[in-house]
Amino acid sequence: MVTANKLHVQIFADGADIDGIRGLRSNPLIKGFTTNPTLMKQAGIRDYLKFSKEVIEVIDGLPISLEVFSDDFAEMKTQALKLSALGSNVNVKIPITNTKSEPSSKLVSELAKEGVSLNVTALFTLKQVDDIVSALQGS
């Protein structure tokens with residue numbers, strides 16, 4: 001049987017339950033964590049920043065992806081910079097489009113230029129991939 005380590009796969013746990021995250025932190029197969037505003041809302045979290053800080057402390061240096069929750073690109077940038085400043089292990093999740101189907105490639109490029117570690121989510125088409133690659137090459 002092939003183990004996960006031999007597959008060169010990294011398993012990231014997704015959720016917003018702090019006790020569950022704390023329990024998974026000790027599992028050597030878990031290489032990082034991710035969460036998003038929808039999961040946080042479902043878990044009853046009202047203070048996103050406070051929760052994010054708590055998770056960062058609990059995971060003790062493992063990578064974490066934290067997602068912006070605004071639909072406005074200027075506000076997304078403000079949120080991304082705040083989240084990024086929480087720790088060197090933070091990757092900021094930016095959706096490939098907002099709810100108006102406007103592409104976020106310009107924002108991704110701006111954040112990359114500022115040194116923000118990014119996790120661009122929900123890339124569904126080759127054009128979206130090309131747009132992001134082009135935006136980053138212009139960085």
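Tabulated values for the structure
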quantity	calculated
Index of the failed condition, Leu107 passing every other in (1) open to solvent by 70 Å² or more (accessible area, probe 1.4 Å); (2) at pLDDT 95 or above; (3) of a type outside the set (Lys, Arg); (4) part of a helix (DSSP H, G or I)	(1)
Per-region count, segment 19-77, residues in contact (Cβ under 8 Å) with a residue 12 or more places away in the chain, of a type in the set (S, T, N, Q) and closer than 20 Å to Leu107 by Cβ	4
Residues that are among the hydroxyl-bearing types (Ser, Thr, Tyr) and more than 29 Å from Ser26 (Cα to Cα), drawn from segment 54-82	Ser70, Thr78
Hits in segment 43-53 (condition: under 20 Å from Leu24 (Cα atoms) and hydrophobic (A, V, I, L, M, F, W, C))	Ala43, Ile45, Phe51
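The values are calculated or read from the model by the stated rules, or taken from the named source; none is laboratory data. A quick note: this is a predicted structure, and the numbers were derived from the prediction, not measured. So basically every Cβ, Gly included, is an ideal-geometry build from the backbone, and we count neighbours across all protein chains shown. SASA here: full protein model, heavy atoms, side chains in, ligands and nucleic acids out. Shrake-Rupley method; radii C 1.70, N 1.55, O 1.52, S 1.80 Å.
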